[in-house]
Amino acid sequence: MLTAALVLEDGRVFPGMPYGATGSSLGEIVFSTGMTGYQETLTDPSYRRQIVVATAPQIGNTGWNDEDDESGRIWVAGYVIRDPARKPSNWRSRRGLDEALESQGVVGIAGVDTRTLTRHIRESGAMRAGIFSGAALADKQQMLDAVLASSQMVGADLAGEVSTEQTYVVPAVGERRFRVAALDSGIKSNTPRMMAARGIEVHVLPYSSTMDDLLAVEPDGVFFANGPGDPATADHAVALAQGTLERRVPLFGICFGNQILGRALGRSTYKLRFGHHGINVPVIDRATGKVSITAQNHGFALEGEPGERFDTPFGTAEFSHYCPNDNTVEGLRCLDAPAFSVQYHPEAAAGPHDAAGLFDEFVDLIQLCQPGRVGQR
Amino acid sequence: MPKRTDIKHVLVIGSGPIVIGQACEFDYSGTQACRVLRSEGLRVSLVNSNPATIMTDPEFADATYIEPITPEFVEKVIARERPDAILATLGGQTALNTAVALAERGTLERYGVELIGADIEAINRGEDRQRFKDIVRTIGGEVPSSAVCKSMDEVRKAVAELGLPVVIRPSFTMGGLGSGMAHTDEELDRLASSGLAESPVHEVLIEESVLGWKEYELELMRDRNDNVVVICSIENIDPMGVHTGDSVTVAPAMTLTDREYQHMRDVGIAVLREVGVDTGGCNIQFAVHPETGRLVVIEMNPRVSRSSALASKATGFPIAKIAAKLAIGYTLDEILNDITGKTPASFEPTLDYVVVKVPRFAFEKFPGADPTLTTTMKSVGEAMSIGRNFVEALGKALRSMETKAAGFWTTPDPEGATLESTLDALREGHDGRLYTVERALRLGATVEQVHQASKIDPWFVDQIASLLELRAELEDVPVLNAELLRQAKRSGLSDRQVAALRPELAGEDGVRTLRHRLGVRPVFKTVDTCAAEFEAHTPYHYSAYETDPDAETEVAAQPDRPKVIILGSGPNRIGQGIEFDYSCVHAAMALRDAGFETVMINCNPETVSTDYDTADRLYFEPLTFEDVLEAVHSERASGTVAGVIVQLGGQTPLGLAKRLTEAGVPIVGTPADAIHLAEDRGAFGDVLSSAGLPAPRYGTATSFAGAKRIADEIGYPVLVRPSYVLGGRGMEIVYDEENLAGYIQRATEINPEHPVLVDRFLDDAIEIDVDALFDGEELFLAGVMEHIEEAGVHSGDSSCALPPITLGRADLAAVRRSTEAIARGVGVRGLLNVQYALKDDVLYVLEANPRASRTVPFVSKATAVQIAKAAARIMLGATVASLRAEGMLPAVGDGADLPDDAPVAVKEAVLPFHRFRTREGKGVDSLLGPEMKSTGEVMGIDASFGKAFAKSQTASYGSLPTSGRVFVSVANRDKRAMVFPIKRLADLGFKVLATAGTAEVLRRNGIPCVVVRKHFEGPDNIVDMIHAGEVDIIINTPYGNHGPRIDGYEIRTAAVAKAIPCITTIQGAAAAVHGIEALTLDDIGVRPLQELQAILHKSRA
């Protein structure tokens, strides 16, 4: 007997069982290939309005703890899994994953043939979908209509929806060396933590902040975070990035932040067919030829070729990193301005720590720019 | 970084014979390496003494040396070949230790040879336990507290600080040999002293106990650009305290959060970099405290390992192949992932399924051996399975074992098992521990209680608890509907298990009928390294049941070529190992060349057959009737199945022939009813008598009275055994009525369906082993092997020579006549193996097996004819004549008329006695008999028998001595025959020690000797002398019949402990003298197989 259904906008229906909260939920369906880190993934604000499919079949084994959230709540619109854990087992676990989902009202579905689903998304691309269970379970056409009535990810401006409302400060660990203004378009907890560990006091500002708000912090550097939605809509953040570049304040961007910097330099973004969502993604640094295994979570990418150099109002820039799986741009570097960014997640969580050194690079860049910087304290 | 241009010639070192701790995984890795290096245009030389490997097929290297893997012999190979580099990281501990020895004796420097993969410094850093611990601390990791000790005094001092229990780990041994956990002072004395002895550097590590901690492994790879990737994480269900080779393991890790996993990954990568393995694979083991999460590093293997093979099969990422490419200079990002064909190898595989590995043990072969699982590996093989969840994979793995129990509820509980006794049993690791977990839960234990007793993570225990809930549902529901049946299948239950719960369904067949009617069938998914993110181009499949009836199956249609399905041989066990995999792989190669699409079904992760490159399609599935039938169904749905081959994988597939035939599956080759003719004693007796062939008299009994009647009639000694067995399981020579009664009593399962066979035993006969091909018309006598030991020792355990060294033309003609008559009478199409006993000029037929035998690879290499390939072709319709015409078989002649200058090949068995101890810590008896006990074999090949025999001995356990002391004690009937060989040894300079009776005879023959006391005659006896290292070789034939056959136990176990040759037959002594002469008088050289086979090819041209 059908007790829950996942309905895709192309009409395909996957049966399953209710998991977490019952009801309905709409969003863009994407698959994530990480075998660990569901707690971090579910609380990653970049997944706002997305229904995430876990390709790993056994989910919930380590329960839910009080330490690993990447933000204050679960952000995914829905969660699709195959085999839920009956009993979580980990010394840090405080509750089951199903409990966490239910208490936060997140609708999930279990028992789905996630491999068939993933292959379908791979071939047909990310698309709108809905999970329906309990009273929301209806006849197929009704459910499909609801999916088709939901909004598209292309053109979605979501960063504001996940941002902090108030500025908050993450103090430096040990002696404070620098101060960084971080624009919160969906920042993950581990990002300020990584900077703080390097002696940076991080001021996390609401997405709606103005250039003056940023400068008021008297930052030694400005950080553009990851975040959900279509970067093509993020004109506000792009303007802030341009302002930062103009003032030659060191700039570092991650994920959404990479797309913002790219746009600030005059490049455009496009939607990938099914995106990069995993923690096993190779990235090659063109300068060293070295490979980092990275955590990634992006449905959009910067238009461009690996290694391409181009002129910008701020001097020459180049696409410094790329993913050898499909040659998408994974990093960007200004050669004449103190700014760089990557499309992947050096803060990891979930994911490997190979790229953590990028935060050191940011510190070095700030250090380098100290004498001649603009915006005196 | 592209390929290095300064390396043009690489010497690959293999791992030698299959032993516990080192099995066919190194044939898999070595074969991949040879393939890769040659395809890169390099010259490849290879040393490996194991003839049953694919890698020693002459086409896999430019120069293949089937020579002992000792520093002396490998140096000879280096001197002859002058390679630029040596690759030793793919041949297990044997290759690594040999490489270290070659470096230490200056060979590498002398010949200017570079070690690639890992250099000596890195090997030492990884293997030297103390240095390794220091390295882990350097990078900020933790290790268990410990002390390195070189004497018992140091051991006691260390334990005074650490407190018991402690773990004892000898340095530089493989498979955890000699290691163990000491809870008491007695155990400490025993384990530490034997550990000091086992370690080649006389060093043990005494370590804080992490018993009961969670155990993990990571498989990592590094390239010369310092890129590192983790290929796979493995979690051991059996917590710390049980060797990982003996543990049930799961991939990927199931109970780690990302934080803990990434911490493990960081530590692993840092260790790998600090140890400095330049390129290639390595394996690191970790323990995690279950309550605090404290992570400690246990050990590292700076080489490809058994776990790497498992990880390769579990992920689809071919570690050895990539390691070989990295060793010659490529970087990970320059190598394509075969499976996607688009993305680079510089990534970390991600799984959308669960893999379970279960070890296979053979304690039944070693009566008295302690079956408790410890840090010394004891398993002889393993099966892996893939499912879409843990319980599905577990169910498949358990039924892949081919043991009596084929998953939960398929065997009755042990009598009198209570909740208490069951929980108690869980405290120690043992074979079938998960069955004990299930039973404990069923008897009312809570998940927590089971966890407390076993320390198995509650998550796994709870998974088994979920099966019990399902069981209750399956038992209680009035009518089994599609939904519940699907749930059962999705949870890994076999039809047989469901049938056990629903008696009204008329057994497994009834369940299958119902299941098919309800449309509950598996889909076949693909192992693709990337959880479906990219399209896969390799058809590497596994079955799974999905809840969704519309779940897709990923097997591609292929209507163009007819398909041949080859059933493999399942987990390695004693009696069925790599030799059968060799034949299966050859069939795949030959049939692919002949235009068929080849499909392999097997569940052994160590093998070449389960490499996705071997057959056109691979189904990684249990070899049970149910699973095979579903795979066949899937292949039929995707094209035309020309036939299924059951003849090459040993007894496992052969045992399925009848049911598959009845189910309408086309078996090619010898048909099921012909198989029955050969295996059923009555039917086979009729075949023999109508052909006029003599066989030892025999009878079939189902009770002691019946057996006694037969034995009285045909006379003792008699050979008794159950019918339908492989490897002589349960076979014994019985010398009197009392022992016969004992045997019948022990053989619990005697009934009309499983009678016991009672054969006359031919004392002192020469045993002859024959492999032949038959196409219905013509016989090709592929090889005739003469056993060196007389009949009575299982053919798998006895050494043999090819060509047969003492058989005359008339004998060979009789062998040919008899073999042809049997092949014709049985109706063989393909391979036939016959064992004969020659006594008083009469050739008795002992048994015939209408299948590939263990000796097929040996015969193929010794005669330069690939008979498994020819057999596969014959099964699919070719004839001996047509294969002669196309050159697969020689144009004229066969393996029984080899030219006079043909090289002599000697096969010697390798025995695992030194790995087993009784509960009291004593050695197990090493006496050979009709039940097979060897784990593997080696081949010595040279121009003469003496040299070949000497090589076979060197390769199997060390070398025959060329000087020193020989101890002689022989049975009366052997005293005459002993004189000449012992005299020769004395002439060669050996000092002779003998027991009083033997000494008397020797002195009368002018051989000076020293009398020594027997074991029971007081102190300073022969056993003490052996232990003191005062004896170099032992010749000790058992005294006549009954009692004394078990005498000499102390001498044999002492010989095993000291690893000195202990010869138990006069024929063996004569062969040893031949060998010692060859070693003393000649300089034994090395020659590649290609050159030796050229002699045969030339004579046939």
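Percent relative contact order of chain A, based on C-alpha pairs within less than 8 angstrom and at least six residues apart?
Relative contact order comes out at 15 percent.
Please name whichever of B:946, B:245, B:136 sits farthest to the positive end of the charge dipole of chain B, dipole taken about the Cα centre and charges placed at Cβ: Lys and Arg +1, Asp and Glu -1.
Going by the Cα projections, it comes out as B:946.
Can you flag which of B:214/B:396; B:861/B:1058; B:214/B:933 are past 27 Å Cα-Cα?
B:861/B:1058; B:214/B:933
Counting partner chain Cβ atoms within 10 Å of every residue's Cβ in A:274-281, what's the average?
4
Assign unit charges at the C-beta atoms only (+1 for Lys and Arg, -1 for Asp and Glu), then state the dipole size of the protein assembly as shown relative to its Cα centre in Debye, rounded to the nearest 20.
Dipole about the Cα centre, nearest 20: 1500 debye.
Dipole of the protein assembly as shown (Lys/Arg Cβ +1, Asp/Glu Cβ -1, origin at the Cα centre): which of B:903, B:569, B:221 lies farthest to the positive side?
Of B:903, B:569, B:221, it is B:903.
Taking the highest mean first, how do the peptides B:751-764, B:864-877 order by number of other beta carbon atoms within 10 angstrom per residue?
B:864-877, B:751-764
Relative to the compact globular guide of 2.2 N^0.38 Å, what is the alpha carbon radius of gyration of the protein assembly as shown, as a ratio?
Relative to the 2.2 N^0.38 Å estimate, the protein assembly as shown comes out at 0.96.
Over 10 Å intervals from 0, what percent of Cα-Cα pairs in the range A:210-343 sits in each interval?
13, 46, 32, 8, 0
Which of the residue pairs B:922/B:951; A:87/B:525; B:313/B:951; B:525/B:563 have a Cα-Cα distance greater than 23 Å in the structure shown?
B:922/B:951; A:87/B:525; B:313/B:951
Sort A:33-43, B:1024-1034 by the packing proxy (mean of other Cβ within 10 Å over each peptide's residues), most packed first.
A:33-43, B:1024-1034
Provide the descending list of Cα extents for the range B:85-161 along its principal axes, expressed in whole angstroms.
48, 30, 20
How big is D, in µm² s⁻¹, for chain A by Stokes-Einstein at 25 °C and 0.890 mPa s if Rh is the Kirkwood radius over C-alpha pairs?
117
Averaged over every viewing direction, what's the projected area of the C-alpha convex hull for chain B? Give it in nm², one decimal, please.
Averaged projected area of chain B's Cα convex hull equals 40.9 nm².
Grab the eigenvalues of the alpha-carbon gyration tensor for the range A:161-243, scale each by 5, take roots, and send me the semi-axes largest first in whole angstrom.
21, 14, 10
Among B:336, B:981, B:1066, whose Cα sits farthest toward the positive end of the charge dipole of chain B (+1 at Cβ of Lys/Arg, -1 at Cβ of Asp/Glu, about the Cα centre)?
B:981
With charges only on Cβ, +1 for K and R and -1 for D and E, what is the dipole size of the range B:743-877 about its Cα centre, in debye, rounded to 20?
My answer is approximately 620 debye.
Let's see if you can work this out: charge +1 on each Lys and Arg Cβ, -1 on each Asp and Glu Cβ, no other charges. What is the dipole magnitude of chain B about its Cα centre, in debye to the nearest 20?
The dipole magnitude comes to about 1600 debye.
Report the relative contact order of the range B:266-423, percent, no decimals, based on alpha-carbon pairs under 8 angstrom and at least 6 residues apart.
13
For the range A:53-146, just list the percent of Cα-Cα distances falling in each 5 Å bin from zero outward, please.
3, 11, 18, 23, 20, 13, 8, 3, 1, 0
Tell me which residues come under 5 Å, amide H to amide H, from residue B:9 once H is placed; ignore anything under 5 positions away on its chain.
Amide H neighbours of residue B:9: B:43, B:84, B:85.
Shielding by partners for A:81-88, please: the mean number of other protein chain Cβ atoms within 10 Å of each residue's Cβ.
Neighbouring Cβ atoms belonging to other protein chains average 5 per residue here.
How high is the relative contact order of chain B, in percent, with contacts defined as C-alpha pairs under 8 Å that are six or more residues apart?
It comes to 10 percent, rounded to a whole number.
As a test of the formula, what do you get for the protein assembly as shown when each DSSP H run with n ≥ 4 contributes -39,500 (n - 2.57) and the sum is divided by the residue count, at 222 nm and rounded to the nearest 500 deg cm²/dmol?
-10000 deg cm²/dmol
Read the figures in this text as sums done on the coordinates, not as results from a lab. This one's a predicted model, so the numbers in the text were calculated from it and none came from an experiment. No Cβ is skipped: glycine too gets one built from the backbone with ideal geometry, and neighbour counts run over all protein chains shown.
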